[in-house]
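This report refers to the structure that appears directly beneath it.
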Amino acid sequence: MNGDNAANDQQVAIPRWLLAELTYRCPQQCPYCSNPTDYVNQLDSELSTDEWKRVLTEARQLGAVQLGFSGGEPCVRQDLEQLVAYGRQLGYYTNLITSGMGLSEQRIIALKARGLDHIQISFEASSEQLNNRLGGCDSFQHKIAMARAVKANGYPMVLNIVLHRHNIDDIEAILHFAKSLEADFVELANTQYYGWAFTNRDNLIPSQRQLANAEAVTDRFRAQHAGKMKVYFVVPDYYEDRPKRCANGWGTTFIAVTPSGEVLPCQNAKVIPGFDIPHVSQHSLEWIWRESMLFNHYRGTDWMQEPCRSCDEKWQDLGGCRCQAFLLTGDASATDPVCAKSTRRSTVIRLVDEEGPQTPLVFRNSQNSRALIKNGREFK
Amino acid sequence: MIDATTILRIRPGFRLQWEDAQQAHILLYPEGMVKLNPSAAAILLRCDGLRSIDDIVVELKTEFPDVSDLANDVYEFLAVAIEKGWVDSER
C-alpha cells in the first residue's frame, strides 16, 4: 500500500454489519421477496458450515459486530445452531431473521442455549386468510405459536410485517395483533422495490391515500400505547423526496454474503452490471472490503454525476441507492430517481400514480424463477 | 420515575461490550447498536441489577473526584437511557 492508495486507505471505514444469507431455499413464496428473481440457479451451491465459519471469523476480524442470519429461510439450514454458537463465541450480536417456518419450540430453546440474541418473525398479514395467501402456504398458526414461544423464552420479540397495497389498509388490525402477541418492537416495513418486489411493483405499491391513512393510524396507535411497544414505520422510498443512503453508505457499514459466497455491499447489489462479483473462495473478506472494485466504486462521492456532484446534501444521502438508480434509469451512477432533484423523478411518480392491480402477482418460487430467467425479465 | 434507590439493569436482550475495532464500549440490541462515550459506558457498566443509582454515584465520585456535578450528569444520562429503552428496572 503506498501513495494514493494509502491515503484512500485511511478513509475506508470498518464494517459493522454482516448479513449472512444462508440459503435461498424458503417454504414461503412472498411476491415481495428481495431475493434475486434468478435465485433458482444458486440453490445447489450453498457454502458449507466450515466456509460460513471462515466468513464469520474474517468479518469479525474486520470489525463487524452485528450478525444477521437471513435467507431465504435460514431455519432451513440444519447447521443454524452451530453457526449461531460460533458467531456468538466470536462476540457478534446474533439476529435471526425468519418467517418462523422451520422453527420449533425445541429449536428456539436450542438456539437460546447457543447464545442467539434475537429472533425477528415476519407475518404477511394479521388475518389468517391473507397471511397464507400472500406467503403461499399455511403458515399463520405456526407463526403465532413461534412468536409466543420466542416471547416465552425471554427473547426481545420483534415482529416484522411487510406492507403493500394488499395489506396496508389493515394497519390498525395489524397493530392490535402485534400487541396481542406482546411484541416489543414492530417493524411496519413498506415494500422496497428490489428482486421479486420489483417484478411485482405495479401490483404492490400502495396509493398516496393508503399510505397517508396508514401513517395516521400508526401515529394514533403510538400516542395511545406509548412506551409499551415500539413501532417503526418505514415509508417506501418511492414516496420520499430525498433518497436514503445505500446500506448506510456504500462500503461503509455493511457486508452481505449470498448463499453461494458472493460478497456484496448490499444484498441487492448484484443487479448492477459490469463488476466481477468477489467470492469468499477467491479472496479474503479484508481484500474484498478494502481493495475490490465492487466495494470501492461507489464509496464516497467521486463517482457522482450532476445533480449530485454539486449538491450540498451529497454527504447526507451519498446519492441514494445505486440499485434503485440502476433499476429505474438503467444507469447505476445516476442520482437515485427518488430524489426530487433528479430529472428522472417522473419515472417514480408515474409508478406511484398508478392505482389498482394491473397484473397478477408473481409468487416467488422455483417455477416462476425459471420462467423469469427464460423470458429474460430477470434483474439477476 | 427514578430516585437514589432505583436499581437499573441493561434491558434483557441488550448487550454491552467492549469493541477493540471501535476502541469503545458499545450497546448492542436487535438490529442496532450505539457507540458509548467513556462516561456513558462507566454508568451503564454499573447498571447491573444490583447497584442502586446512589451506589453508582458514590462509586463514580471516588473514581472521578474532579468531575463537578457528577450526580446530576448521572441522573440526566439515565433518564435518557430509560427513555431510549437501554435500561429498565425489574420492579
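Worth pointing out:
- Loop-located chymotrypsin sites (Phe, Trp or Tyr not before Pro) in chain B (DSSP state other than H, G, I, E, B) with a sparse environment of at most 11 neighbouring Cβ atoms within 10 Å are absent.
- For chain A, built as a Gaussian network whose Cα springs stay under 10 Å, the top-fluctuating residue of A:Thr191, A:Thr57, A:Thr94: A:Thr57
- Three semi-axes describe the equivalent ellipsoid of the range A:192-347; taken as square roots of 5 times the Cα gyration tensor eigenvalues and ordered largest first, they are 30, 20, 16 Å.
- For the protein assembly as shown, the solvent-accessible area works out to 44 Å² per residue, with a probe of 1.4 Å and every protein chain left in place.
- Efficiency of FRET from Cβ geometry, A:Glu291 and A:Ala145, R₀ 45 Å, rounded to 0.05: 0.45
- Distance between the modelled labels on A:Ser346 and B:Ser68, one decimal in nanometres: 6.4 nm (7 Å Cα→Cβ projection).
- Computed over the range B:7-84, Kirkwood Rh from alpha-carbon pairs, angstrom: 13.1 Å
- Modelled spin labels at A:Glu182 and A:Asp50, positioned 7 Å past Cα toward Cβ, are 4.4 nm from each other.
- Note on B:Lys61: aspartates and glutamates with a C-alpha under 20 Å away, same-chain residues under 8 apart excluded, are B:Asp3, B:Asp48, B:Asp69, B:Asp73, B:Glu76.
- Listed residues A:His225, A:Cys246, A:Tyr193: farthest to the positive end of the dipole of the range A:183-269 (Cβ charges): A:His225
- Under the criterion of Cα pairs below 8 Å and six or more residues apart, the relative contact order for the range A:262-306 equals 36 percent.
- Environment charge at A:His142 (Cβ cut-off 13 Å; Lys +1, Arg +1, Asp -1, Glu -1): -2
- GNM top mover of B:Ser52, B:Ser39, B:Ser68 - chain B, alpha-carbon springs below 10 Å: B:Ser68
- Legend: mean number of C-beta atoms from other chains within 10 angstrom of residue C-beta atoms, peptide A:64-73, equals 2.
- Using C-alpha pairs below 8 Å separated by at least 6 residues, the relative contact order for chain A is 21 percent.
- Only Cα sites of chain A enter the Debye sum here, all with the same form factor; the resulting log10 I(q)/I(0) across q = 0.11, 0.12 1/Å is -0.80, -0.97, listed in q order.
- Entries in A:Lys228/A:Lys270; A:Lys228/B:Lys35; A:Lys179/B:Lys84; A:Lys112/A:Lys230 that, when Cα-Cα distance is taken, lie over 30 Å: A:Lys228/A:Lys270
The values are calculated or read from the model by the stated rules, or taken from the named source; none is laboratory data. Everything quoted here is computed from the prediction, not taken from an experiment. Positions of Cβ are generated from backbone atoms using ideal geometry, with glycine treated the same way; all protein chains shown enter the neighbour counts. In case anyone asks, the SASA skips ligands and DNA or RNA and just uses the protein heavy atoms, side chains included. Shrake-Rupley method; radii C 1.70, N 1.55, O 1.52, S 1.80 Å.
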